[in-house]
Every structure is written in structure tokens, then in C-alpha cells.
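The values are calculated or read from the model by the stated rules, or taken from the named source; none is laboratory data. Because the structure is predicted, anything quoted here is derived from the model rather than measured. All Cβ positions, even for glycine, are placed from backbone atoms using ideal geometry, and neighbour counts span all protein chains on display.
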Amino acid sequence: MTRTGATAPWRAIRLRAAVAAATRSLRPAGAGAILLLAVALLALTIGAADIPAGTVLKMLLDKLPFVETGTTVPDTWDRIVFEIRLPRIAAAACVGAALAYSGAAYQGVFRNPLAGPFLLGIASGAGLGAAIAIVSPLAINSYGFGWVPVFAFVGALIAVSLAYFLARTGSGGGVSSTTLILAGVALSAIFSAITSFILLSGGEQTRPIFSFLFGGFNTANWPRILAGLPYLVVGGLGVAVHARVLNVLQLDDEQAAQLGVNVTRTKLIILTSASLVAATAVAMAGIIGFVGLIVPHAVRLVFGVDYRRLLLVSIFGGASFVILADIISRTLLDPQEIPVGIVTAIVGGPFFLYLLASRRVDHA
Amino acid sequence: MTRHTPHCQSPPKLPRPPREGVFKYLRARDARIQKDSAVLARFPLSRLLTLGLLILAATALIAAACSDDDDDSASQAQSDQTVGSTADAAFPFTFTDSADVEVTLQAPARRIVSYSPGATEILFAIGAGDQVIAADEFSDFPAATKALERVAYSDPDPERALTLDPDFLIMTSRQVEQAPQFRRAGLNVALLLEPESLDGVIENIRLLGRVTGNVDQANALADDMRTRIDAVIATISGSDDAAPVVLYELTNDLYTAGPDTFIGGMLTLLGARNVAQGATSPFPQLTAEAVIDADPNVVLLTDAEFGESFETVAARPGWSGVSAVVDQRVFPLDPDLVNRPGPRIVDGFETMAALLYPDLFE
């Protein structure tokens, strides 16, 4: 009975520690959520049509139950805000979150800061799959979703498994960083070349592929977002349940195995899940570079390397980043649209370099 | 870590070449050079290189001089004879093409290869169809073009052209880069860039009439087109409706033709306001928001063959209240009628006019 007496304070301390740990990991997530909300609101008030920001906010409040602001707006404004801007923002958020999340997972599995959906050839693989789906008689049309995500997923899986097996060093399932990146670059080039070949050889019916590969959210609509969401959730959960294991995987594979992790199986599940997420993003919005690479890095530099936190915050970071990029892509050359991938690279690149530079100064 | 560092820094030892050996070699070489000076003075590597460079430079200079001459004579030729001038039907006939190159025909062209779908249509329309021996894969009108030999539109091969033994080749905007290469191969090439206006099409018709010797037919066609265009413009000028706002849709993700394109020019001629007004690139992708905000009265779907229709446009999110949808003025339009700078462009022009001003063209 002395035993129970002794555990009571321990239990309290443990509880307090757990709460503290939870707050620690939730605080960045909370900050991320607030950032995402602010960015989404900003995006909702900016656009080609001149609708005052205040009016947009009132229109939003009117949608809430029991709130009446008594504002009357032209029908056009209502359609622009709720049928054009809102689905567009939602699509950008989904795609940004998916790319950043899968990027974080890839970086974790490969223990390689350069891993990302773009550099590993996964995006090009998914793009090729999607292109094949578009020209194949299976496709309905480019507005519907149909077989595009399935083919994109298969393409992404082929790419990631090729890169993985090519880079596997003989013993113990370790992966060589250099070989991995080289293989990814080569695969990327091969898949892009095949896609170009399909584009050139297919004649008129390949035209939708062009718009698809350039990417963007101009044709975003709720049905397509809802069609993509299940894939994102399933893939996302597949990675999330292994978030803690990802931390362990940062050690040697051998050490991780000694700690009871089934390394090969876990890696396989995480890679498959992450590829599903990345491929869905490609199917939803084409190939958008840089997000999967830089967002997890930015998050890691700011909030540290715990993968549970990193994955969660990457969702908010990626979503916010792509929404911001999309604001630029639809307003900078108004009434014209700029492919959002151009914006993510131009805006994201220098930001990433800045983070790298400032981090080096910290270390010196 | 520390254990590995020194190992990493020291490279594996290689046998160092004996210094003396180097000097010996140099001395030997000097001796050899002096000994064989008779030969080596004439053909040392460096001199050979210099000679090669000199030849290259000379060739370049000559080529530059020749092209200078070309330019001079071209500008002179341009001053007294403009594209499409048809003073008489005599040969030899010389004209200046879009690249300011003088093109001469000793006799009417009898074996023509056309890399321009628009030019192919013109040739058939002016009764010179049997003078065409080959055309690019997009030259698919009229039906008689099916029997032609094929050449490549996008990446044409001069060898293929040579085997066809043509006396005249027509190239257009897509083949600007290749035209000089074809000329150097001895082929008689005229570069006729895609015209920027209806007037340009009519000029091309008169020119090709002159080239093929079918002057009367070409001039009759050109005059007829001119009359029809003027009639449309006269009819429209009688309208006191507000200028129609038009979305000329190329794809369902809202690629369209900007104001500075051939199509944009036709819309302007038709008194319409292009939704893409203000866009900077020739074929911009518009944001859905900008289109809805501009509220077009008429939507012309050149992507109808890809499944777009009034129904699909009306079903797009946010489009239900757009004037063109409310008034059911979303029309399919055959892109070949309006994109291709050939004789059918007048049909396209009249079709567009009727769609924009249904009250004036019953």
C-alpha cells in the first residue's frame, strides 16, 4: 500500500508532463490553423472582381445561422465569392496540404532532406499516369474525375518504388541518398519525356493534358474536391498512424529494428500512403513543384524535427502557402491566370534560400 | 568521425611522375620541332587550327555579306513591289516574302508543297489544286486534299521536300526557323506568315493567284470576300445596341484569344468587346472570376468538339447568372472557320456576326 501512495505524485507529474507535451505539440498546430484561417479569409476577399473586403466578411457572416447583417449584394458577387473563390481556396488548401504532408513523409522515410514528390519523380509519374488516363477511352472528360487519380496513383507508385529499389544498398535495406536523388531525377526526366511524347503523338485529343500539366485551380469545383478527399484522408491516416515510428526511423534502420520496428513493412506502408496523397494532389491540380520540398523544411526549421508535429504543421503550412500562391496566380496579371507552379517556385525558392541562410548563421 | 577525417583528407597515393622525365620530354620535343621544322612549320596543330578558324571566319563573312546584299535588294524590291502586287501576269515574277526575301518564279508554280493549311485552302479555292503535290498533315480542306502527299507541319524535313522535287514551297509562322535551311538546300521557299487581319488573307489570295498563274480566279475570290466583309461591317454599323461582350473560348479551363490575335482583330472589327481585353499574352488563360465579372452576352465555344456545350457551361459553378447563359447565347463555333487564314474565314466572319447580332442577320 506504500506503493499506491508512492504512485500518486508520480501520476500527477506524469499527467502534467503529458499535458505539457500535448500543449507543446498542439501550440504550433494551433498557430498553423490560425494562419490557415487568416490566409483563407484574405483569399476570399481578393480577386478579379472588385468586391470590398468588408462586404465579403458580411456575406460570410450571413451564411452563419442566427446572424443577419442585413447586407444585400448583387447576385454576381454572391456567385463569385461562394461558387468561384471558395471552392478554389478549398482545392488549393487540399493540394497544398497534400503535397507538404507527403513531402514530409518522404523526407522522413528516406532520411533525405532533398526527397519530395517533385524530385523523386513521383509527381512526373503521377502526371504521366494522369495523362494516360486522359487520353485513354476510360476518361469521361477533364471536369469529371473518373480514372485520373487511380492512374496518377499507379504512376506515382511505380516512380517511388523504382526510386526506392534502385537506391537500396545491398544489406539491411538502407537507402543511398545520392542514388535516390539521381534515380529520382532520371525517372522524372523519363516520365516527363514519355508524357511529352504522348502529347506530341496524340494529336487533338491530348489537348486537355496540356492544361492539366500546367496545373492550377481555375476549374476547381466541389464535386472534384469531394472526389479527391477520401484518397487524401486514407493516405493521410496511413502516414499519421506511423508518425511516431517516423521519429524512430530517423535512427539507423538497424537501430530502429532493434527497437522493435518492422522497418521494411513500415516504410512500405508510409511510402504507399504518401504516394496516394501526392498522386491525388497531382490529379486535382496538375504538377505543382516546390511545395512538397520546402514546406516541410520551413516547418522543421521553425518547429523542430518531431515528425508528429512536423506532419501536422505541414498540413497547415502547405495549405496556407498554396492558397497564397494562388492569390498571386489569379490576380497578378488580371484578368489572366498564371500557372500556380510558377508562383510557388518564384515565391517559395527565395524564401527557402533565406531560411537556409539564416539557419547557417544560427549554427555558426 | 575523427577516425575517418584524416583518411578522407589524404587521397590515395599515386606514383608521382619524375620531374626530370618531363624536362627530357620537352627538350626532346623542342629538338624534334627544330629538326622537322620544314614539316612542322607548315602544319603545326595551332596553325592548322588558325587556318580552320580563318576559313570559318571567311565563310561567315561571305555569308554575312551575301545576306546583307539580300537585305539591300530586298528592301529595294519592297519599295517598288509590295507583297501581293499583281501589276501583270507575266513571268518571271518576283515578290518579297514575309522574311524580306526575294522570291522569283520563272514560270507559274506547277509542283507546290504547302506547309500552311490556310495556303492549301487558298490554292484549291483559286483552281490551283492540281498544282499542289504535297501538303502538311493539317491541310484537310477541301476533300481533294486527302489525295496529297504529306509533309510535316511542325518539324519539316528538307530531305523529304527535296525528294518531292517541288518548284515552289509555301511556309508559314510555324516554320519560320526552318525556312532558311530549306533555302540553303536550294528549294524555292516563300515564307508567308499567318496574316494578322482579314486584309492580310485577301492579299495572300491575290499573291498566290499571281504565283500559280490563276490571277483572274484569285482576284475574283478576293473581290468577293472583300464585298462580303464590307457588307457585314455596313450592316453592323447600323446597329444601335450596346457592343456585345464576347468570350471566345478555346478550352474549358478558359484559354481564349487575346485582343492582338487574328481572332481578337475580327472581334474588334465586329464591334464586340473581348472579355480578354487587358490580357497580356496572345492566348491567355482567364480566371473564371474575371469572366463572370465581365459578364459576357455571348460565349463562342470552339471547344465544342471536346464536349463543351450550353449545358456544360451553364453547369459550371458560378456561371448560372452570366448573361450568355441566362439568354441562352452560348454557341458552338467551328474553329477551322475562324482560326485558319484561308477563304473560309469570311464564312467564319459572317457566322460570328450573325451570332453576335441575331436581329441584324436573319
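Going through (1) buried (at least 17 other Cβ atoms within 10 Å of the Cβ); (2) more than 30 Å from B:Ser281 (Cα to Cα) one by one, A:Gly341 falls short only on (2). Comparison of B:Arg226, B:Arg210 shows that the only residue that is in contact (Cβ under 8 Å) with a residue 24 or more places away in the chain, away from chain A (no Cβ under 14 Å) and surrounded by 22 or more Cβ atoms within 10 Å (Cβ to Cβ) is B:Arg210. Considering only region B:277-298, state which residues are under 25 Å from B:Val326 (Cβ atoms), more than 7 Å from chain A (Cβ to nearest Cβ) and under 27 Å from the mean Cα position of the chain (by Cα). Result: B:Gln277, single match. Considering (1) more than 9 Å from every other protein chain (Cβ to nearest Cβ); (2) under 15 Å from A:Leu36 (Cα atoms), the lone condition that A:Gly70 does not fulfil carries the number (2).
Each residue in region B:229-250 was checked for being surrounded by 21 or more Cβ atoms within 10 Å (Cβ to Cβ) and not aliphatic (A, V, I, L, M), and 2 pass.
Please verify whether B:Thr172 is within 14 Å of chain A (Cβ to nearest Cβ) and β-branched (Val, Ile, Thr), treating the condition exactly as stated. The answer is no for B:Thr172. From the list A:Ser124, A:Ser142, the lone residue that is polar (S, T, N, Q) and at pLDDT 75 or above is A:Ser124.
Taking the options B:Val189, B:Val245, B:Val211, name whichever one is more than 21 Å from B:Thr104 (Cα to Cα) and not hydroxyl-bearing (Ser, Thr, Tyr). If you could, list the steps in order and put the result at the bottom.
Numbers: B:Val189 fails: more than 21 Å from B:Thr104 (Cα to Cα); B:Val211 fails: more than 21 Å from B:Thr104 (Cα to Cα).
Result of the check over B:Val189, B:Val245, B:Val211: B:Val245.
Is it true that B:Leu355 is touching a strand residue (DSSP E or B) at 6+ places or on another chain (Cβ under 6 Å), away from chain A (no Cβ under 14 Å) and not β-branched (Val, Ile, Thr)? Considered against the rule, which asks whether it is touching a strand residue (DSSP E or B) at 6+ places or on another chain (Cβ under 6 Å), away from chain A (no Cβ under 14 Å) and not β-branched (Val, Ile, Thr), B:Leu355 comes out as yes.
Residue pairs whose Cβ atoms lie under 9 Å apart, sitting 6 or more positions apart in sequence or on different chains, and linking a residue in region B:252-269 that is within 12 Å of chain A (Cβ to nearest Cβ) to a partner that is part of a helix (DSSP H, G or I) and of a type in the set (S, T, N, Q), are B:Asn252/A:Ser211; B:Asn252/B:Thr312; B:Asp253/A:Ser211; B:Tyr255/A:Ser211; B:Pro259/B:Thr268. Scanning region B:304-318 for residues that are crowded, with 21+ Cβ neighbours inside 10 Å and either more than 8 Å from every other protein chain (Cβ to nearest Cβ) or aromatic (Phe, Trp, Tyr) (or both) yields a count of 1. Residues of region A:54-99 that are aromatic (Phe, Trp, Tyr) and at pLDDT below 85: A:Phe66 alone. All conditions but one from (1) buried (at least 24 other Cβ atoms within 10 Å of the Cβ); (2) more than 15 Å from the chain's Cα centre (by Cα) apply to A:Tyr106; the one that does not is (2). Among the residues of region A:295-308, the one identified as surrounded by fewer than 24 Cβ atoms within 10 Å (Cβ to Cβ) and under 17 Å from A:Leu237 (Cβ atoms) is A:Arg308.
Total residues in region A:62-116 satisfying the condition of being assigned to a loop (DSSP other than H, G, I, E, B) and more than 29 Å from A:Pro52 (Cα to Cα): the figure is 6.
The numbered conditions (1) assigned to a helix (DSSP H, G or I); (2) within 11 Å of chain B (Cβ to nearest Cβ); (3) crowded, with 22+ Cβ neighbours inside 10 Å are all true for A:Phe210 except (3).
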